[in-house]
Amino acid sequence: MANIRCVNIRKSYGGHSVIENLNLDIADHEFVVFLGPSGCGKSTMLRMIAGLEDITGGTVSIGDRDVTHLHPGERGVAMVFQSYALYPHMTVEENIAFGLRRQKVPQAEIARRVQHVAGLLGLESFLQRKPKNLSGGQQQRVAMARAMIKTPKLFLFDEPLSNLDAKLRERLRTEIRKMHLDLKTTTIFVTHDQLEAMTIADRIVLMRAGAIEQQGTPSEIFDRPATRFVADFIGSPAMNFRGCVVSRDGGSVSLVAGSIRLEVPASEFDGLQHGAKVEVGLRPSKMDLAAEGDLNAISGKIILVENMGSEAQVIVDVDGQEMSFVTKAFRTLEPGQPVSFSIEPASIHVFSKETGRSLRKAG
Amino acid sequence: MNNRRFLFWTLTPGFAVLAILALISIAGALYFSVMDRSLRYPDYHFAGLYNYQRLLSDRRFLNALQISATWEIVTVVGSLVVATLLSVLIFETVKSFWIRNLICFAFLAPVLLPRVAAAFIWRFLYSPSLGLINYLVGLTGLGPVEFLADPSLALMSVAIVDIWQWGLFFTVIMLKLLETLPRDPIEAAQLDNARTWEIHAFVTLPMLKAPIISLALVKAVESLRSFDLIYVMTGGGPGTATETLDLYAYQAGINLGGRISYASAMSILLLVLTTIVFTLIWRGIRKWSV
């Protein structure tokens, strides 16, 4: 049992406040990703939970035990660092066994457990090597083995994949996820890579400037972004934003900007008074080439076709501003051509101009 | 001019000066060591290995050899132990940047003092009648301690001055080295439930092994040249309790009797001995630090 509870967490350096009254509950066995741009406080949050950073105010409990003032080693957590943080002068085996040796675990028991985790992570043949003779991916596996062998109550990952190349990153991502399915240890994973977060998380906690902007499953965050910031941060290619004016005509509501006219179901949104100014967000991946007579078609002139293999991002000039959409049928498209693309009304996001909050009704 | 020629012409003058200075003095010493030159007589003759033979049965020489070895070990180990303990203590307890720099500045002062000045300061501190240290000892009820006149204390008392100069200097270097270490392995060790002393014993100091070995070698070479400190503080006495090889060579060759050939033989033996010992140590370290 290791649920995490953070209550009114505050962090300030000198007089400068980085995190203000942050509250967060993480259930036992959950895989939570802290996601956000650099400097949003996600790593600081993680390090406070680990005990590597003093907590200015508030309490952290792990498994219903208040650990706010406990030494990092006494919290029952294990951490994997971005830099791997291996002990450079020790062999792989000594690195993995270091924590158990400090706990005075019997030698035979240590040897057995080292063999076990080395087997799980495919490190058997490297045990006598020094870290400097390993590749980045192997080093990160050693770091994971060092964390796993302690059978912690909580795993913390601080951008563990950021120093690896793209292919290795994908593979280790899968391994971390598999490891979690096996061990079911509560895990917090920090990243600034939204794709990594989407693929690995049970729940994403999206942070911005020291506060939680939105939390939810990856689908919730992707399909129902609570704010313009979330919508902009999540998804690749990035969402198109357009300032629009609401036009109410009887029962139907349209959002108008220049030649663009998008009809949305009025019942799903709040605050769409006639003449109100809003910001509309359209995901490129939710749009495609328009068929004849499609609702919500947008027309423009192709600027660029970015081939991504099985599909392409098409960048289009619409009333002098760039918009983009993704299509599989891009082979015939050429820059300079006129083009028409459309979006389902259910995929249109509308945000308040003032607060940036989504105007979509909850539920 | 091609690269090789350039290297040749830039390196040659320097090497030539060094070689001439070193070789001429060594050759001169070698020459005198097989003569019976003494300042008492104007003439001298070839004496073969007579001087070397006499050295090996000279109890004062063997004593000096032993004192020199003790001096090396005590000052090198002492400086490094003091530096290690103090630097870790400061690293763990003093977090303020300004106070740390202030401490470093204060710790650098002793090594900046000329040896002779340091020696005089400590002679006064150690003085049985005027010295501060004996005043403090007196407060505890113990009588005045003859730090420099007691044969069992003299060498250690002088060694303390050497460690005071170099141990504090090395403290500053090791503190700066600790500060340059990456934080992550230290934090990983904290999470691995290592106590503070374990973090330093098992993580930070092993990570600094190479620079610490360099410091030890520098200090070992430096300790060979403590003539001025010992000469001013005790002059080799009481008796021969602090007489190192260089002091004895000086006493034999220049101060007493002017037995130049005898002193030359001693210098040559010292040269051979230190070369062998340092080569062995160097080899051992290279093997061990891989």
Every pair of residues 6+ apart whose Cβ atoms lie under 6 Å, when the first sits in segment A:316-344 and is loosely packed, with under 12 Cβ neighbours inside 10 Å while the second is outside any strand (DSSP E or B): A:Lys328/A:Glu311
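Could you say whether any residue in segment A:152-167 is in a helix (DSSP H, G or I) and more than 30 Å from B:Lys209 (Cα to Cα)?
Residues of segment A:152-167 in a helix (DSSP H, G or I): A:166-167.
Filter again for more than 30 Å from B:Lys209 (Cα to Cα), leaving A:166-167.
Yes - at least one qualifying residue is present in segment A:152-167.
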Residue list for segment B:165-192, filter: surrounded by 15 or more Cβ atoms within 10 Å (Cβ to Cβ) and in contact with a Phe, Trp or Tyr (Cβ under 8 Å, 6 or more places away or on another chain): B:Leu168, B:Phe169, B:Thr171, B:Val172, B:Leu175, B:Leu178, B:Asp184, B:Pro185, B:Glu187, B:Ala188, B:Ala189, B:Asp192
Extreme residue, farthest from the chain's Cα centre (by Cα), among residues of segment A:54-108 that are facing chain B (nearest Cβ under 10 Å) and among the acidic types (Asp, Glu): A:Glu94
Residue among A:Thr217, A:Thr191, A:Thr227, A:Thr199 that is within 18 Å of A:Glu279 (Cα to Cα) and either of a type in the set (S, T, N, Q) or under 11 Å from the mean Cα position of the chain (by Cα) (or both): A:Thr227
Of the criteria (1) within 13 Å of another protein chain (Cβ to nearest Cβ); (2) surrounded by fewer than 21 Cβ atoms within 10 Å (Cβ to Cβ), which one A:Arg113 fails: (1)
Residues of segment A:214-268 satisfying the condition of being crowded, with 18+ Cβ neighbours inside 10 Å and of a type in the set (Phe, Trp, Tyr): A:Phe222, A:Phe229, A:Phe233
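Is it the case, given these coordinates, that A:Ala147 is away from chain B (no Cβ under 14 Å) and under 28 Å from B:Lys209 (Cβ atoms)?
Details: away from chain B (no Cβ under 14 Å): no; under 28 Å from B:Lys209 (Cβ atoms): yes.
In short, no.
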Any helices (runs of 4 or more DSSP H) falling wholly within segment B:168-258 and containing at least 2 residues that are within 10 Å of chain A (Cβ to nearest Cβ) and over 24 Å from the mean Cα position of the chain (by Cα): B:183-191, B:196-199
Where A:Val256 falls short, out of the listed (1) in contact (Cβ under 8 Å) with a residue 40 or more places away in the chain; (2) in a strand (DSSP E or B): (1)
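The numbers here are math on the coordinates, done by the rules we state, and not lab data. Everything numeric in this text was worked out from a predicted model, so none of it was measured. Every residue, glycine as well, gets a Cβ built from its backbone with ideal geometry; the counts of neighbours run over all protein chains shown.
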